[in-house]
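One structure below.
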Amino acid sequence: MTTAQLRKVPSARSIARLMTLKRDHLTKAETVMVAAIEAGVPTLADARSLIDRFQTIIRSRTVVDLDPWIADAGSSLLVSFVRGIQNDLAAVRAAITEPWSNGQTEGQVNKLKLVKRQMYGRAKIDLLEARLLGAA
């Protein structure tokens, strides 16, 4: 199946989601679509393999593979992402090697911001405190 055979060109958001999912998590139709996209745009296939490698580095916590990955990805479609990693390389290395996570803190901040947005600008400290304590 080529790009010409696709009935409807998927949105950029759909393509990004499909290209970042693991291959074994795709449905048959999504697998066919990814194959057509990769055949039509080979640079996306290269970007997908780089994304897979980066996910493997993060999940397996192998910081020694980070520098070769940065060198390989520096001239790909991921160049702006690579620049961001290079700008804060110490933090990225720490995130890979350290066992700690700030996920709980980020979740609480996200909850607070959600409640503030729901209150349409009426989120003074007393109302916000009452709302958060009532929601807990």
Reported set for the range 70-93 where residues are over 16 Å from Gln55 (Cα atoms), in contact with a helix residue (DSSP H, G or I) (Cβ under 7 Å, 6 or more places away or on another chain) and at pLDDT 95 or above is Gln86
Looking only at the range 1-32, filter to residues that are at pLDDT 85 or above, exposed (fewer than 10 other Cβ atoms within 10 Å of the Cβ) and of a type in the set (A, V, I, L, M); which one of those is farthest from Ala73 (Cα to Cα)?
Ala29
Only one of Ala71, Ala35 is within 26 Å of Leu18 (Cα to Cα), out of contact with any Ser or Thr (no Cβ under 8 Å at 6 or more places or on another chain) and surrounded by 13 or more Cβ atoms within 10 Å (Cβ to Cβ), namely Ala35
All helices (runs of 4 or more DSSP H) inside the range 27-136 with 1 or more residues being in contact with a Phe, Trp or Tyr (Cβ under 7 Å, 6 or more places away or on another chain) and among the hydrophobic types (A, V, I, L, M, F, W, C):
42-60, 66-73
Failed condition for Gly40, given (1) surrounded by fewer than 12 Cβ atoms within 10 Å (Cβ to Cβ); (2) of a type outside the set (Ser, Thr, Tyr); (3) assigned by TED's automatic domain parsing to the domain that holds Leu18
(1)
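The values are calculated or read from the model by the stated rules, or taken from the named source; none is laboratory data. Remember, predicted model here, so these are calculated numbers, not experimental data. Note that each Cβ is placed from the backbone with ideal geometry, even for glycine, and that neighbours are counted across all protein chains shown.
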